[in-house]
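K.L.:
Sharing a structure below in structure tokens format, with a few things to ask.
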Amino acid sequence: MRVDVITLFPEFVDGCARVGVVGRAQERGLISVTSWNPREFATDNYHTVDGRPYGGGPGMLMLIGPLRDTIAAAKAAAEAPAKVIYLSPQGARLTQRKVQELSVLPRLVLLCGRYEGVDERLLDHEVDEELSIGDYVLSGGELAAAVLIDAIGRLQEGALNDAQSAAQDSFSEGLLDCPHYTRPEQHELGTLPAVLISGDHAAIKRWRLKQSLGRTWLRRPDLLARMQLDKSARALLEEFRLEYFA
Ligand SMILES: NC(=O)c1ccc(NCc2cccc(O)c2)nc1
């Protein structure tokens, strides 16, 4: 997948995409992340990229011109059609399902707003989707873009080795993850759930699903409400609830 990021802070995004799983995915040619700085597309002597809001009000907005030219340049950099995504608090909430949907596309262009955002006319004509990583305001869309790149990058075929396999992510089934433990087995902070050292892999699998179901019920009932649990999962959750209230 090719990702082009439009940002006034290219060094920020390049840095995020060079480390860890995404950095390795780039080295393996599974994903490429290229930054484009609208300031280089500003035609005036001062490389102006922002303007005062009509109707008054605080702050500045990003101008149409430099952004439009940057989007055009990014799109022209490769053959495949590109979906243009704007990261903003006004966007649809990003979910793992949306990440999975985007992760199979050939290209993405991510537009990062700064200041108070972008002229609405640019959004109307050049942006295909507006996405939010959560209900809070950041100083720019770059962190949101980095989140999206990471979530999509780790889903690229070959990005994760088996042990890390994305399929283990409970969120990919809509549940919260179960508790995890590593050495030492005995510690002043406590010991392990016995099942995890039983060697009974079916029992371990069952325990983990039960814990994921129970945790989701306790911490994120909203996620559970949206799920169709099969008979065995419902029974497992009931078992968790009985123990919880015991
Ligand atoms: N929740 C998010 O995904 C998110 C994304 C961007 C952002 N800041 C840049 C910006 C962009 C547009 C309007 C605006 O008010 C602020 N802050 C939070």
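K.L.:
Tell me which helices (runs of 4 or more DSSP H) are completely within the range 93-190 and hold 1 or more residues being β-branched (V, I, T), or say none if there are none.
P.N.:
96-103, 142-153
K.L.:
Within the group L189, L213, which residue is out of contact with any Lys or Arg (no Cβ under 8 Å at 6 or more places or on another chain) and surrounded by 10 or more Cβ atoms within 10 Å (Cβ to Cβ)?
P.N.:
Matching residue, one of L189, L213: L213.
K.L.:
Evaluate the following for G59: is it on the phi > 0 side of the Ramachandran plot, open to solvent by less than 50 Å² (accessible area, probe 1.4 Å) and either of a type in the set (S, T, N, Q) or in a loop (DSSP other than H, G, I, E, B) (or both)?
P.N.:
yes
K.L.:
Oh, and also: Look at the range 1-42 and say how many of its residues are open to solvent by 60 Å² or more (accessible area, probe 1.4 Å), part of a loop (DSSP other than H, G, I, E, B) and touching a residue at least 12 places away in the same chain (Cβ under 8 Å).
P.N.:
Residues in the range 1-42 being open to solvent by 60 Å² or more (accessible area, probe 1.4 Å), part of a loop (DSSP other than H, G, I, E, B) and touching a residue at least 12 places away in the same chain (Cβ under 8 Å): 2 in total.
K.L.:
Give the residue that is surrounded by the fewest Cβ atoms within 10 Å (Cβ to Cβ), with candidates limited to residues of the range 132-147 that are within 6 Å of the ligand (Cβ to nearest atom) and over 18 Å from V99 (Cβ atoms).
P.N.:
The qualifying residue surrounded by the fewest Cβ atoms within 10 Å (Cβ to Cβ) is Y136.
Quick grid of which residues meet (1) at pLDDT below 95; (2) farther than 17 Å from E142 by Cα; (3) not acidic (D, E):
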{"position": "F9", "(1), (2), (3)": "no, no, yes"}
{"position": "P38", "(1), (2), (3)": "no, no, yes"}
{"position": "Y54", "(1), (2), (3)": "no, yes, yes"}
{"position": "L61", "(1), (2), (3)": "no, no, yes"}
{"position": "D69", "(1), (2), (3)": "no, yes, no"}
{"position": "K75", "(1), (2), (3)": "no, yes, yes"}
{"position": "P89", "(1), (2), (3)": "no, no, yes"}
{"position": "L94", "(1), (2), (3)": "no, no, yes"}
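K.L.:
Just checking, does the range 17-39 include any residue being among the β-branched types (V, I, T) and under 21 Å from D124 (Cα atoms)?
P.N.:
No.
K.L.:
Tell me which of these L102 doesn't satisfy, since it passes every other one: (1) away from the ligand (no atom under 11 Å from the Cβ); (2) open to solvent by 30 Å² or more (accessible area, probe 1.4 Å).
P.N.:
Among (1) away from the ligand (no atom under 11 Å from the Cβ); (2) open to solvent by 30 Å² or more (accessible area, probe 1.4 Å), L102 violates only (2).
Rundown of residues vs (1) closer than 14 Å to L175 by Cα; (2) modelled with pLDDT under 95, yes/no style:
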{"position": "S212", "(1), (2)": "yes, no"}
{"position": "T216", "(1), (2)": "yes, no"}
{"position": "R220", "(1), (2)": "yes, no"}
{"position": "A225", "(1), (2)": "yes, yes"}
{"position": "Q228", "(1), (2)": "yes, yes"}
{"position": "A233", "(1), (2)": "yes, no"}
{"position": "A246", "(1), (2)": "no, no"}
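K.L.:
A follow-up question, please. Being more than 13 Å from the ligand (Cβ to nearest atom), surrounded by fewer than 21 Cβ atoms within 10 Å (Cβ to Cβ) and in contact (Cβ under 8 Å) with a residue 60 or more places away in the chain, is that true of even one residue in the range 113-131?
P.N.:
No, the range 113-131 contains no residue that is more than 13 Å from the ligand (Cβ to nearest atom), surrounded by fewer than 21 Cβ atoms within 10 Å (Cβ to Cβ) and in contact (Cβ under 8 Å) with a residue 60 or more places away in the chain.
K.L.:
Out of curiosity, is A82 modelled with pLDDT of 95 or more, crowded, with 16+ Cβ neighbours inside 10 Å, of a type in the set (G, A, S) and touching a Ser or Thr at 6+ places or on another chain (Cβ under 8 Å)?
P.N.:
The answer is no for A82.
K.L.:
Six or more apart or on different chains, Cβ under 8 Å: which pairs go from a residue in the range 85-101 that's under 19 Å from V118 (Cβ atoms) and in contact (Cβ under 8 Å) with a residue 24 or more places away in the chain to one that's within 13 Å of the ligand (Cβ to nearest atom) and open to solvent by 60 Å² or more (accessible area, probe 1.4 Å)? Could you list them?
P.N.:
That search, which allows pairs on different chains as well, returns P89/D135; P89/Y136; P89/V137; L94/V147.
The values are calculated or read from the model by the stated rules, or taken from the named source; none is laboratory data. Keep in mind the model is a prediction, meaning the values are calculated, not measured. Every residue, glycine among them, receives a Cβ derived from its backbone with ideal geometry; neighbour counts consider all protein chains shown. For the accessible areas, the whole protein counts, side chains as well, though only heavy atoms, and no ligand, DNA or RNA atoms are used. Shrake-Rupley method; radii C 1.70, N 1.55, O 1.52, S 1.80 Å.
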